[in-house]
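The values are calculated or read from the model by the stated rules, or taken from the named source; none is laboratory data. Every value quoted in this text rests on a predicted model; they were computed, and no experiment measured them. Note that we place each Cβ from the backbone using ideal geometry, even for glycine, and neighbour counts take in every protein chain shown.
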Amino acid sequence: MNNNFIVFEGICCSGKTTLCNNLSEKIKEMGYQPIYNHGAMTYTDIGREFKKLLGKKDMTITTLYFFTDLIINTKNVIRPCLENTNTIVLQDRYYDAITTYINAYGEYFNKDYNVYRISETLVENNILLEPSSNVFCIPPYETIIDRMEKSKNSPVHDFYREHPKFLKLVYDELKRKANECNNSIIIDTSSESSINDGTEKILNLIKI
C-alpha cells in the first residue's frame, strides 16, 4: 500500500485531532491499522525540553530544534511504522508546520524567513518523507479565533492570543501553501458534516 503516510496540517485549534479520531475508526473498519503520530516536539528528549520554551527562543533556534526533532521522529517512529503494509500513519503536522510558521513570522517582522528549501532538500535526500497526501484543516478564520479564545493555556496558544496579527499571517500562509500543494486535500473542519465529507475524501484516496 502506497497511500499510507497521511500528513495533517493546520494552525492550532483547526480540528486536526478531531478529524484524525474520526478517520481512525473508519480506517479500522477497512481492515487497516491506523497509527496516530503527534509529530515533532513530542517523543524525544530534545523535543519535549524545547516545547516548554516555545515563544521564548529566537525563531532561528526554533527551526533548528524542530527539524532536528522531526528527523529523529521520522527515523525512529514513522519509517518503522510504514514497514508494515497494513499500517496507515496519520501524522499530526510535518515539515509544512514549521516552514509556514517561520515564513509568517518573518513577514510579521518584515524579514525574509523563507525556509521552504530546507524541507525540500531533506525530502530530496530521503531524510524526511514525501507524504502520500497532505490534508490541510482550514476552517473559516472566525472559527479559529473562537476556538483559540476557549483553548488551554500553552506557550504557542498564548503567543497567538497576544499577537492576533501573527495568527492571521500563519493562517493565510497555510491557506496559500495548501492551494499550491499538488497532493493536498483541503477540509473545512468547522462542522460535523464537513468533517465527515473530508473523511470520505481521505478514505477514497486510501482505497486507490
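For this structure, a couple of remarks:
- Restricting attention to the range 122-166, the residues that are out of contact with any Lys or Arg (no Cβ under 7 Å at 6 or more places or on another chain), over 22 Å from residue 81 (Cβ atoms) and aliphatic (A, V, I, L, M) add up to 3.
- Extreme residue, surrounded by the most Cβ atoms within 10 Å (Cβ to Cβ), among residues of the range 4-33 that are more than 17 Å from the chain's Cα centre (by Cα) and either among the hydroxyl-bearing types (Ser, Thr, Tyr) or under 25 Å from residue 71 (Cα atoms) (or both): 32
- The condition of being more than 18 Å from the chain's Cα centre (by Cα) and closer than 30 Å to residue 207 by Cα holds for only one of 83, 130, that being 83.
- Qualifying residue in the range 46-66 (condition: in a loop (DSSP other than H, G, I, E, B), more than 21 Å from residue 123 (Cβ to Cβ) and modelled with pLDDT of 90 or more): no
- Total residues in the range 177-196 satisfying the condition of being surrounded by 13 or more Cβ atoms within 10 Å (Cβ to Cβ), free of Cβ contacts under 8 Å to residues at least 60 places away in the same chain, under 16 Å from the mean Cα position of the chain (by Cα) and not in a loop (DSSP other than H, G, I, E, B): the figure is 3.
- Failed condition for residue 163, given (1) surrounded by 14 or more Cβ atoms within 10 Å (Cβ to Cβ); (2) modelled with pLDDT of 95 or more: (2)
- Residue in the range 122-142 that is within 18 Å of residue 59 (Cβ to Cβ) and buried (at least 19 other Cβ atoms within 10 Å of the Cβ) present: no
- Among the residues making up the range 38-52, those that are under 23 Å from residue 147 (Cα atoms) and surrounded by fewer than 21 Cβ atoms within 10 Å (Cβ to Cβ) are 38, 42, 51, 52.
- First in the range 74-92 and within 14 Å of residue 8 (Cα to Cα), second anywhere and of a type in the set (Gly, Ala, Ser), Cβ under 7 Å, 6 or more apart: 90/24; 91/39; 92/39
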